[in-house]
1. Among Lys115, Lys102, Lys73, determine the one that fluctuates most according to a GNM of the chain built with springs between C-alpha atoms less than 10 Å apart.
2. Which ³J(HN,Hα) values, rounded to whole Hz and listed in residue order, are derived for the range 39-52 from phi using the Karplus coefficients 6.51, -1.76 and 1.60 in 6.51 cos²θ - 1.76 cosθ + 1.60 with θ = phi - 60°, glycine and proline given as x?
3. Treating only the Cβ of Lys, Arg, Asp and Glu as charged (+1, +1, -1, -1), what charge dipole size does the chain show about its Cα centre? Round to the nearest 20 debye.
4. Give or take rounding to whole Å, what are the principal axis extents of the alpha carbon atoms in the range 96-205, in descending order?
5. For a label point 7 angstrom out from the Cα of Lys59 toward its Cβ, which stretches of the range 1-30 have the backbone nitrogen within less than 17 Å?
6. Rank Lys79, Lys59, Lys109 by mean-square fluctuation in a GNM of the chain with C-alpha springs under 10 angstrom and give only the top-ranked residue.
7. If r is the Cβ-Cβ distance from Val50 to Cys106 and R0 is 22 Å, what FRET efficiency results, to the nearest 0.05?
8. What is the gain in length, in nm to one decimal, between Lys73 and Lys156 on full extension, counting 0.36 nm per residue of separation less the C-alpha to C-alpha distance?
Amino acid sequence: MIKISPSVLASDFSVLGAEAARMEASGADYLHLDVMDGRFVPNITFGAPVIKSIRNKTKLIFDVHLMIDEPLKYIEDFKNAGADIITFHVESSSPAAETVEKIVACGCKAGVSIKPKTAAEEVFPLLDKLSMVLVMTVEPGFGGQSFMPETMQKIKTLRREIERRGLSVDIQVDGGINEKTVETAAAAGANVFVAGSAVFGAADASKAIADLRSLAEKAY
Ligand code: DX5
Ligand code: ZN
């Protein structure tokens, strides 16, 4: 099923709770929360306390994208802050299988992300335990970058392997997703779409979300 997950990185942080509620009213499925530690990526955003502060402002599923060096240490903090899906990077320094296990044991859905230069096969050993694989379509760290079409082959490889094993794992794409790129990603096999600038930068967020959804549905 197609899901749209607006990234708050492009929102007005001074009214984050209201922005979250606005996304729910605009028809979003998830709220994408980009956590950056200034180590795994060259940028710092926010952590668990900020996520917790907006938990009661919306019923949206909290889709937490950890771009941090030691995710395993902080899984419980993000669970307690209200995360529903916790995605970490396979390139981080935490042991991947143990981190997935911890996320699932906490009662959250587990996602694993790969950067543009990381092979799809890196997540194959984890696939049976995952709810989602996040294929980055830009180098993580900043919003507003251009979509990298060369990452599409990895989505095809992953979708084929997920189907071969009879699993129901979502494939999420993140970075440069807009009305020009969403179809390419959907046609490759992605079904969860993160969009920062394309939703928060639009005059009408409801229309932006509806347009992304219908383009993705037609192309998937
Ligand atoms: C980038 C973040 C993205 C970012 C996407 O490292 O993971 O979620 O907010 O922003 P746009 O959609 O503007 O490329
Ligand atoms: Zn993200």
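Just so you know, all these numbers are worked out from the coordinates, no wet-lab data involved. Predicted model only: the values in this text are computed from it and were never measured. Note that we place each Cβ from the backbone using ideal geometry, even for glycine, and neighbour counts take in every protein chain shown.
1. Taking springs between Cα atoms under 10 Å, the residue moving most is Lys73.
2. 10, 5, 10, x, 7, 10, 10, 8, x, 4, x, 5, 4, 4
3. Numbers: 24 positive and 29 negative charges, 69 e Å.
Approximately 340 debye in magnitude.
4. In descending order, the Cα extents are 41, 29, 23 Å.
5. Label zone hits: 20-30.
6. Checking each option, the largest mean-square fluctuation is seen for Lys59.
7. Numbers: r = 19 Å, r/R0 = 0.87.
My answer for the efficiency is 0.70.
8. Numbers: separation 83, 0.36 × 83 = 29.88 nm, distance 3.22 nm.
Net length gain for the segment: 26.7 nm.
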